[in-house]
Each structure stands twice: as structure tokens, then as C-alpha cells.
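K.L.:
One structure, as C-alpha cells, below. Some questions next.
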Amino acid sequence: MTVVTCSIDERYVNPLFEVFDGGDFILSSYRDIEDSQTTLQIFLPDAADAPRATELLVAAGELVGLELKPETGSVPDEDWKFSYRKHFRTEVLSPRLAIVPEWEVEKFKADQAGRSSPRILVLDPGMAFGTGQHATTHACLEYIDELAVEDADRSFLDVGCGSGILAIAAKLEGFRDVAGFDIDPDAVQNANENAGKNGVDIRFVRGDLCNKSTLPDVQKTGDRQFDVVAANVLGPILTRFAKEIAPLVVPGGKLILSGILDTETDPVYREVKAAYEALGFRELSSKLIGEWRTGLFTR
């Protein structure tokens with residue numbers, strides 16, 4: 001198996017995934033949680049595709065301001081499918097919830113024997129974003145856990161669901177009538193598979209904020225709103241689609257906004273906050289993990 005690979009700073013991962021247009025080429029990534037660098041990989045059954053994959057990766061890097069220099073190598077066919085596993089570990093979020101890779105479930109249960117253990121969210125991220133270890137996902141999960149303790153008898157919507165981790169966590173924490181959508185059909189499939197692994201009933205469907213006609217499938221009825229909405233996407237997308245996301249939240253409901261870089265030189269969170277305040281929301285609190293900020297709002 002041929003692999004095209006390069007390393008980038010962790011803060012550029014989400015933007016690069018958003019702009020990468022590889023056609024049949026699948027871009028994957030992994031990061032050691034103690035390292036700020038993330039490794040990008042494109043696995044290729046045919047080595048002849050490596051120059052084209054390299055070209056597309058370099059082009060995506062240019063769009064986010066990076067000069068990438070990918071390298072081409074090879075890995076044994078039997079190893080590449082599971083290489084990401086060593087970078088995805090069990091994450092105990094709170095006394096109520098733990099994110100556990102499916103290949104570690106039995107070990108985790110054995111380790112917890114005889115103790116009061118958290119609910120287990122079984123996950124295989126596949127090709128979709130969301131393992132619980134990225135700062136943005138982790139902050140969203142913390143808010144979901146806190147809101148569940150406050151009152152779990154609420155509906156929940158996951159905008160840009162990726163692996164489905166946020167919606168599945170909400171359901172396991174006790175939220176009722178949980179749904180999610182993503183523009184990527186592969187992500188929707190992965191989310192539905194993860195819901196099945198956890199034995200939860202969640203409606204994951206394909207939805208596009210650019211095409212409002214797809215949203216009734218998410219909402220069941222065209223005008224339905226949700227008590228809690230989480231949108232873990234990129235800051236500029238949150239700002240651009242504020243008028244589409246805002247109506248999904250019931251008056252008095254909660255909105256979790258994440259995926260937002262927040263630095264002195266790139267204060268995206270300020271722009272996101274202003275966009276939603278203009279639509280009647282107010283910030284309740286925010287969490288900063290590294291350079292990524294997540295906000296909790298109400299209207």
C-alpha cells in the first residue's frame with residue numbers, strides 16, 4: 001500500500017480537511033496527543049496515483065496558507081487499515097461518560113469491574129471527524145455532560161455530525177429525540193454505524209445548510225426546533241450560516257458553537273459571537289482549550 005504523507009500544525013487540520021478536494025482520494029489524519037503536529041495521510045492501492053494525490057494535497061495546503069511538502073512511502077497492506085488505532089485512546093470525560101474505542105471495550109469493562117463506572121460510548125471514527133480527543137470535540141462533550149446534569153429531558157441536534165459522537169453522547173446522557181446531519185454521506189453512514197454499536201435510536205441524515213430543502217428531513221417537520229443544538233464546524237462557517245443555524249434552536253434553548261480558532265492574531269470567536277448576538281443570542285460561557293474556543297449560548 002502506497003501512502004502520501006506530510007505533517008502540519010494541529011490548528012490547520014480542520015481548515016485543510018474542509019478545502020481538500022481529492023475526489024476518490026481519502027484524506028486521513030492522526031496526532032499524538034502530546035504533540036502539536038498532525039500527520040496527514042492518503043493511502044493508495046495504486047502507486048501511480050501518488051503524484052496526483054500529492055498535487056491535490058499541496059493545492060489544499062495553499063488554500064489555507066501552508067506550503068506542504070508531502071512524501072511518498074509504503075506500508076504493509078495488513079497494517080494500514082488499523083494504523084490509526086494507536087492514536088485513538090479511551091477518554092474518560094466525566095464520572096458519567098467515557099469514550100472507548102470498540103477494540104478496547106472489553107479491557108475497559110474489566111478494568112472497571114466492581115467500581116461505579118461511567119456510561120460507555122463505543123466509537124470507531126472511520127473516515128469521519130470526531131473522536132473526543134480534539135479540543136473542539138472535547139469541549140462540546142463537556143458542555144453536553146453539564147447540560148445533561150442540569151436537565152436531560154430535552155431534544156438535541158448535532159449540526160455537522162461527523163462520526164456522530166456528540167449526538168450519541170447526548171443520547172447516552174439521557175437527552176430525548178436526538179438527531180444529527182452532515183453534508184458528507186460517508187460521515188452520515190459512519191454516524192449511523194456508531195449509533196448502532198451503541199444501541200441508540202438517533203436520526204442521522206444528509207443535510208446541507210446551503211440547501212434548506214434538506215433540513216425538513218432533519219427536523220421531521222419544516223419548522224421544528226430543538227432544545228439544544230451543537231455545531232462543531234469551522235468558525236467562518238458558523239458565521240456564514242448563522243441565519244440558517246439560529247432558527248434550529250427553540251426560544252430559551254441552548255446553542256453550542258465550536259471549531260473556532262481564537263488567538264490574538266486571529267480572533268475568529270469574536271466574529272462568531274457577534275453574528276449570533278445580532279440574531280438574539282447571548283453568551284453564557286466559553287471554554288478555551290489550546291487555541292480552540294467553544295461557546296455556550298442561549299436565546
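The values are calculated or read from the model by the stated rules, or taken from the named source; none is laboratory data. Computed from a predicted model, the values in this text were never measured in an experiment. Don't worry about glycine lacking a Cβ; one is built from the backbone with ideal geometry, like all the others, and counts go over all protein chains shown. Ligands, DNA and RNA are stripped out before the accessible areas are found, and what is left, the full protein with its side chains, is counted by its heavy atoms. Shrake-Rupley method; radii C 1.70, N 1.55, O 1.52, S 1.80 Å.
K.L.:
Obtain the nm distance between the two label points defined at Asp46 and Arg89 by a simple spin-label model: each point lies 7 Å from its Cα along the Cα-to-C-beta direction.
P.N.:
The answer from the label model is 4.0 nm.
K.L.:
Same structure, new question: Counting heavy atoms of the protein chains only and a 1.4 Å probe, report the per residue accessible area for the chain as a whole number of Å².
P.N.:
Normalised by residue count, the accessible surface of the chain is 47 Å².
K.L.:
Shifting gears a bit: Which of Glu62, Glu102, Glu142 moves most in a GNM of the chain, Cα contacts under 10 Å?
P.N.:
Residue with maximal mean-square fluctuation among Glu62, Glu102, Glu142: Glu62.
K.L.:
With only Lys, Arg, Asp and Glu charged, each at its Cβ (+1 for the first two, -1 for the last two), find how big the charge dipole of the chain is about the Cα centre; round to the nearest 20 debye.
P.N.:
I would put it at about 1020 debye.
K.L.:
Give me, ordered by chain and number, the residues 5 or more places off Arg154 or on other chains with an amide H under 5 Å from its own placed amide H.
P.N.:
Arg176
K.L.:
How high is the FRET efficiency between Phe241 and Lys69 when r is their beta carbon distance and R₀ equals 35 Å, given to the nearest 0.05? Intermediate results must be reported in sequence, preceding the final value.
P.N.:
Numbers: r = 34 Å, r/R0 = 0.96.
Approximately 0.55, to the nearest 0.05.
K.L.:
Further, regarding this structure: With Cβ to Cβ distances under 12 Å as the rule, what net charge do the other residues near Ala187 carry (K, R +1; D, E -1)?
P.N.:
My count for the surroundings of Ala187 gives -4.
K.L.:
Of (1) 14.8; (2) 17.3; (3) 15.7, which one was derived for mean projected area of the Cα convex hull in nm² from the structure shown?
P.N.:
(3)
K.L.:
Additional query: Check which residues have an amide H placed less than 5 Å from Val233's amide H, if you skip close sequence neighbours.
P.N.:
Here the answer is Ser258, since their amide H atoms fall under 5 Å of that of Val233.
K.L.:
Okay, next question. How large, in percent, is the carbon and sulfur part of the accessible surface of the chain at a probe radius of 1.4 Å?
P.N.:
48
K.L.:
Name the residue farthest towards the positive end of the dipole of the chain from the options Tyr143, Ile99, Gly174, assuming +1 on Cβ of Lys and Arg, -1 on Cβ of Asp and Glu, about the Cα centre.
P.N.:
Gly174
K.L.:
Just subtract the alpha-carbon distance of Asp151 and Lys109 from 0.36 nm times their residue separation and send over the number in nm, one decimal.
P.N.:
Length difference between fully extended and current span is 12.4 nm.
K.L.:
How large is the helix-only mean residue ellipticity at 222 nm for the chain, computed as the sum of -39500 (n - 2.57) over DSSP H runs with n ≥ 4, divided by its residue count, in deg cm²/dmol to the nearest 500?
P.N.:
Result for the chain: -9000 deg cm²/dmol, rounded to the nearest 500.
K.L.:
How big is the Cα convex hull of the stretch 223-265 in projection, averaged over all directions, in nm²?
P.N.:
Approximately 3.4 nm², given one-decimal rounding.
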